[in-house]
Amino acid sequence: MARFAPLYEVPIEDASADVRATFRNTEKYDVDDAPAYFEEVVIELAVVSPAAAANVRKLVTHAERGCHAAQSLAHPIPVHLNATLNRQPLP
């Protein structure tokens, strides 16, 4: 947000984000064989600024578009693990 704030004339006095997720992980506890995954991620963003609400909304929207983590979670992609042991591929 700080990077884009000048574009929307939003002086930021304070900002914080609380990120929480609901995670399904029943396989870990031998409940079933379902793979683990996030069910939901919630980001609570608190902004302190004298700027107009409309400007802050535009800033928040722009910052969300620029957030690689939020965009990646919103659009699932394949994840691959390549492990090595002593600099050799781990079978």
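Taken together, the values in this text are just the output of simple stated rules run on the coordinates, not laboratory data. Keep in mind the model is a prediction, meaning the values are calculated, not measured. Using ideal geometry, Cβ is built from the backbone for each residue, glycine included, and neighbour counts are taken over all protein chains shown.
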Revision key, fill the gap. Protection proxy (average C-beta count within 10 Å per residue), highest first, orders 45-57, 29-41 as 45-57, 29-41
Exercise for review: Please give the net charge around residue 43, taking every other residue with its beta carbon less than 13 angstrom from that of residue 43, where Lys and Arg add +1 and Asp and Glu add -1.
Suggested key: -3
Exercise for review: State to the nearest 20 debye the size of the charge dipole of the chain about its Cα centre, where the only charges are +1 on K and R beta carbons and -1 on D and E beta carbons.
Suggested key: 440
Exercise for review: Per DSSP H run of n ≥ 4, the term is -39500 (n - 2.57); total these for the chain, divide by its residue number, and report the mean residue ellipticity at 222 nm rounded to 500 deg cm²/dmol.
Suggested key: -6500 deg cm²/dmol
Review point. Does segment 35-82 come out rounded, prolate or oblate, given a ≥ b ≥ c as the square roots of the eigenvalues of its C-alpha gyration tensor, rounded meaning a/c under 1.5 and, failing that, prolate meaning a/b above b/c?
Key: prolate
Point to revise | Selection from 91, 49, 7, by position along the positive dipole direction of the chain (Cβ) | key: 7
Check your understanding: Percent relative contact order of segment 5-89, based on C-alpha pairs within less than 8 angstrom and at least six residues apart?
Key -> 29
Review point. What is the packing order of peptides 5-13, 73-81, taking the mean over residues of other C-beta atoms within 10 Å and listing the highest first?
Key: 5-13, 73-81
Exercise for review: Would you mind checking the tilt of helix 53-65 against the longest principal axis of the Cα atoms of the chain, expressed as 0 to 90 degrees and rounded to 10?
Suggested key: 30
